[in-house]
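Enquirer: Have a look at this one before I ask anything.
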């Protein structure tokens, strides 16, 4: 192939990582203040350039480790953002990834060093460029995942109550679920093991603990997207 086939303008390629965190029944997002112009000082998603020796996936993993100290976290690609005018600093194509973690497992010292902060999803400030669209797209991905997978194994204690699981789902979907209906639907999936002990912190009667059947999250056998 002739070298002339490669004589096209070169573009900047970046990764932006949307890190959802769960803490005290609240869905949060990891944000940082942009460190350079344009829009220096404004709230931004965390991200960086893809290095010559990296794939997009490796670049996203590196950014996550650098900012949070977390390794081996499953990152899922959201989509590619490539509008011509999306970044006033130049022609930048961004590949967006997302992950969801427990806040008590990330390295708060590293996060502070990089000037990041956890902001409640329903209180997100104005973000730079098209980062709000990125966040909305990632949130839709997260909700879809929670609709066809029973998530929570890496976000809840090993043993948890159905109320704790429901609170997680309410945080993800940003709406309330009827406790009785939620309980019935979740238990009908056959993915949880009921324990013999109870959590008695909220009432004398107490609520039974449950745990996931297997170490790894199981895909729900039926299509339940519309159930939640």
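Readers should treat all values here as calculations from the given coordinates under stated rules, not as data from a laboratory. Just so it is clear, the structure is predicted and the values come from calculations on it, not from any experiment. As a convention, Cβ positions derive from the backbone with ideal geometry for all residues, glycine included, and neighbour counts pool all protein chains shown.
Enquirer: Remind me, relative contact order of the chain in percent, using alpha carbon pairs under 8 angstrom and six or more residues apart?
Expert: 20 percent
Enquirer: When only Cα pairs under 8 Å and 6 or more residues apart are kept, what is the percent relative contact order across the range 36-127?
Expert: Relative contact order comes out at 29 percent.
Enquirer: Using a 10 Å cut-off around each Cβ, can you sort 36, 177, 160 from fewest to most neighbouring Cβ atoms?
Expert: Ascending number of Cβ neighbours within 10 Å: 36, 177, 160.
Enquirer: Take the alpha carbon gyration tensor of the range 9-148, find the square roots of its eigenvalues, order them as a ≥ b ≥ c, and report rounded if a/c is under 1.5; if not, report prolate when a/b exceeds b/c, else oblate.
Expert: rounded
Enquirer: Just check the range 78-148 against the gyration tensor rule for me: Cα atoms, a ≥ b ≥ c as the square roots of the eigenvalues, rounded for a/c under 1.5, and otherwise prolate or oblate depending on whether a/b exceeds b/c.
Expert: Oblate.
Enquirer: Right, something else. Quick one: helix 131-148 against the long Cα principal axis of the chain, what's the angle to the nearest 10°, folded into 0 to 90?
Expert: 40 degrees
Enquirer: Also, I was wondering about something else. Write down the percent of antiparallel bridges among all DSSP beta bridges whose residues are both part of the chain, to the nearest 5.
Expert: Taking every DSSP beta bridge with both residues in the chain, the antiparallel ones total about 70 percent.
Enquirer: Let me have the 222 nm mean residue ellipticity of the chain computed from DSSP H runs of 4+ only, each contributing -39500 (n - 2.57), with the sum over all residues rounded to the nearest 500.
Expert: It lands at -8000 deg cm²/dmol.
Enquirer: Under 13 Å from a point 7 Å along the Cα-to-Cβ line of residue 197: which residues of the range 156-189 have their amide N that close?
Expert: 158-161
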